[in-house]
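All remarks here apply to the structure that follows.
The values are calculated or read from the model by the stated rules, or taken from the named source; none is laboratory data. Keep in mind it's a predicted model, so treat the numbers as computed, not measured. Cβ: placed from backbone, ideal geometry, glycine included. Neighbour counts: every protein chain shown.
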Amino acid sequence: MTQLVRVQNFCVSSDGFGAGEGQSRERPFGHADPADFMSWAGATASWPNRTDPGGSRGLDDYFTRDFTNNIGAEIMGRNKFGPQRGPWVDHEWKGWWGDTPPFHTPVFVLTHHLRPSFTLADTTFHFIDADPAEALQRAREAADGRDVRIGGGVATLREFLDADLVDTMHVAVVPVELDRGERLWDSPAELTDRFHLEVVPSPRGVTHHLFWRR
């Protein structure tokens, strides 16, 4: 079975930003409101943090369920793990993901400042200083035949796209403008030289962009 390198449920604003400015512990998306990015998934029946019955079915629910399907490892940049920059000064803080992170696989965090691995529930975070190809090799070995997800943020995703290492990608474009922050693209058409693209609107106003390698 082919091991795919996938991007799943990566959200950007209608003007192409994956996060705003001013990231902090309290504001992982900077000046952007995380509810604007994730409300489409949070409204579905399959949202993992749902505490009440109900939720929507249909297209948005499908993508919410598909987030973990056949994923054996994730690669993320340090900015997705937390807002600290430079050498680690607080090893007690374990990132934005709480005691039970949503990954349920090994996670490889790209950073120039190494720190020991640690495990929260069924997710182990490894901190590695590696280029995209080297990181992908590590993740593929840990994934045990399953797919590898490139989790973001924007800079990490762009690095893997620039290295031509992404096989399929799902980007949810949400109907909000940020004006500034970390931009994924000016237009999704920038990627159609390497990827087929299908655009599917959802009833909640999100537009799902599906890319697969030509």
Among Glu141, Glu190, Glu198, Glu177, which is the only one that is closer than 22 Å to Asp61 by Cα, surrounded by fewer than 17 Cβ atoms within 10 Å (Cβ to Cβ) and either at pLDDT 95 or above or not aromatic (Phe, Trp, Tyr) (or both)? Glu198
Condition check for Thr119: part of a loop (DSSP other than H, G, I, E, B), surrounded by fewer than 20 Cβ atoms within 10 Å (Cβ to Cβ) and modelled with pLDDT of 90 or more: no
So in region 29-45, with the set limited to residues that are surrounded by 18 or more Cβ atoms within 10 Å (Cβ to Cβ) and touching a helix residue (DSSP H, G or I) at 6+ places or on another chain (Cβ under 9 Å), which one is farthest from Ser13 (Cα to Cα)? Thr44
With the requirement that a residue be out of contact with any Leu (no Cβ under 8 Å at 6 or more places or on another chain) and polar (S, T, N, Q), what does region 84-142 give you? Gln84, Thr105, Thr111, Ser117, Thr119, Thr123, Thr124, Gln137
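If the requirement is being outside any loop (DSSP other than H, G, I, E, B), over 22 Å from Val166 (Cβ atoms), among the acidic types (Asp, Glu) and in contact (Cβ under 8 Å) with a residue 60 or more places away in the chain, which of these qualifies: Asp36, Asp61?
Asp36
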For the structure I just gave you, tell me whether Val166 is outside any loop (DSSP other than H, G, I, E, B) and under 14 Å from Arg6 (Cα atoms). no
Kindly check whether there is at least one residue in region 71-84 that is of a type in the set (Val, Ile, Thr), touching an Asp or Glu at 6+ places or on another chain (Cβ under 8 Å) and part of a strand (DSSP E or B). yes
Could you grab me the full set of residues in region 1-26 that are part of a loop (DSSP other than H, G, I, E, B) and buried (at least 16 other Cβ atoms within 10 Å of the Cβ)? Gln3, Leu4, Gly16, Gly20, Gln23
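Hey, does region 94-114 have a residue that's aliphatic (A, V, I, L, M), surrounded by 15 or more Cβ atoms within 10 Å (Cβ to Cβ) and within 15 Å of Arg6 (Cα to Cα)?
Yes: region 94-114 contains one or more residues that are aliphatic (A, V, I, L, M), surrounded by 15 or more Cβ atoms within 10 Å (Cβ to Cβ) and within 15 Å of Arg6 (Cα to Cα).
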